[in-house]
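Below is one structure, written out as structure tokens; the observations come after it.
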Amino acid sequence: MALWGNKDLVYDYSTITVSGATVTGSGTTFTAAGIKAGNVLSVGAGATGGYAVVKSVDSNTKITLSSTDSLIGSASVGVTYAISGEPLYTVVDPVYIGPETKTTSEAAKAGYTKEITTAVYGVDSIEIGVANTASGDARKYAPPHTGWVGITTYLDMHGNLRVKHDVLVAGGIVTTSDASDNAYFPNT
């Protein structure tokens, strides 16, 4: 099992039900999609249900998880999800444990349309290029390198948006497997 992959999005079709360490898909093709042990499952939109590492892919509709420690709640029925190749250690890192997005009233009062976040993103060369040519607050999201990047945003004591980048794994992310992170890393 690899410690990380190069796909920001491996699979996210239909919905799943999580009960303990068992994930059951509805209309899914887990085996055919190439999901494997070590992929990271984000449960719920924005990982509001937490994260888990895939232990085994048992069939096209069933996955077994390594642990449920980073999941929020004991069961989730009919929820959205995403499976990525992000680094395994982010699942247990207290900085990056879901939910990914934390909206604060201070951000809304300051007029920021993007939430205050702590998340891990797979950033490819196209997304870096677009971020580097952006202006204003969008430019602040441009990480220093492609790869798996931890991003924390916050408001400083003056109410200014600050964006902190941690390049967790420098490397190439496959451009054709982009997750739905275009609010932060658009491709155009």
So, in the range 72-92, of the ones that are crowded, with 16+ Cβ neighbours inside 10 Å and not hydrophobic (A, V, I, L, M, F, W, C), which residue ends up nearest to Ala119 (Cα to Cα)?
Thr90
Output the residue which, of all residues in the range 1-41 that are in contact with a strand residue (DSSP E or B) (Cβ under 7 Å, 6 or more places away or on another chain) and among the aromatic types (Phe, Trp, Tyr), is modelled with the lowest pLDDT.
Trp4
Residue list for the range 23-32, restricted to those being touching a residue at least 40 places away in the same chain (Cβ under 8 Å) and aliphatic (A, V, I, L, M)
Val23
In this structure, does Gly78 turn out to be in contact with a Ser or Thr (Cβ under 8 Å, 6 or more places away or on another chain), part of a helix (DSSP H, G or I), not hydrophobic (A, V, I, L, M, F, W, C) and not assigned by TED's automatic domain parsing to the domain that holds Val123?
no
Thr48 - would you say it is touching a Pro at 6+ places or on another chain (Cβ under 7 Å) and not aliphatic (A, V, I, L, M)?
yes
Single residue of Asp58, Asp93, Asp69 found to be among the acidic types (Asp, Glu) and modelled with pLDDT of 90 or more
Asp58
Working only within the range 138-154, note down all residues that are under 18 Å from Asp8 (Cβ atoms) and either in contact (Cβ under 8 Å) with a residue 40 or more places away in the chain or part of a loop (DSSP other than H, G, I, E, B) (or both).
Tyr141, Ala142, Pro143, Pro144, His145, Thr146, Trp148, Gly150
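Filter the range 48-71 down to the residues that are assigned to a loop (DSSP other than H, G, I, E, B) and surrounded by fewer than 20 Cβ atoms within 10 Å (Cβ to Cβ), then identify the one that is nearest to the chain's Cα centre (by Cα).
Start the filter on the range 48-71 by keeping residues that are assigned to a loop (DSSP other than H, G, I, E, B), which leaves 48-49, 60-61, 66-70.
Then drop every residue that is not surrounded by fewer than 20 Cβ atoms within 10 Å (Cβ to Cβ), which leaves 48, 60-61, 66-69.
Numbers: Thr48: 11, Asn60: 22, Thr61: 22, Ser66: 18, Ser67: 18, Thr68: 17, Asp69: 17 Å.
The residue in question is Thr48.
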Turns out the strands (runs of 3 or more DSSP E) fully within the range 1-43 with at least 2 residues that are hydroxyl-bearing (Ser, Thr, Tyr) are 15-19, 22-26
Please go through the range 12-34 and pick out each residue that is closer than 26 Å to Gly172 by Cα and either crowded, with 21+ Cβ neighbours inside 10 Å or touching a Lys or Arg at 6+ places or on another chain (Cβ under 6 Å) (or both).
Phe30
If a residue must be at pLDDT below 85, surrounded by 14 or more Cβ atoms within 10 Å (Cβ to Cβ) and in a loop (DSSP other than H, G, I, E, B), how many such residues does the range 111-137 contain?
3
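The values are calculated or read from the model by the stated rules, or taken from the named source; none is laboratory data. Since this is a predicted model, take the numbers as computed values, not measurements. Please note: Cβ atoms are built from the backbone with ideal geometry, for glycine as well, and neighbour counts cover all protein chains shown.
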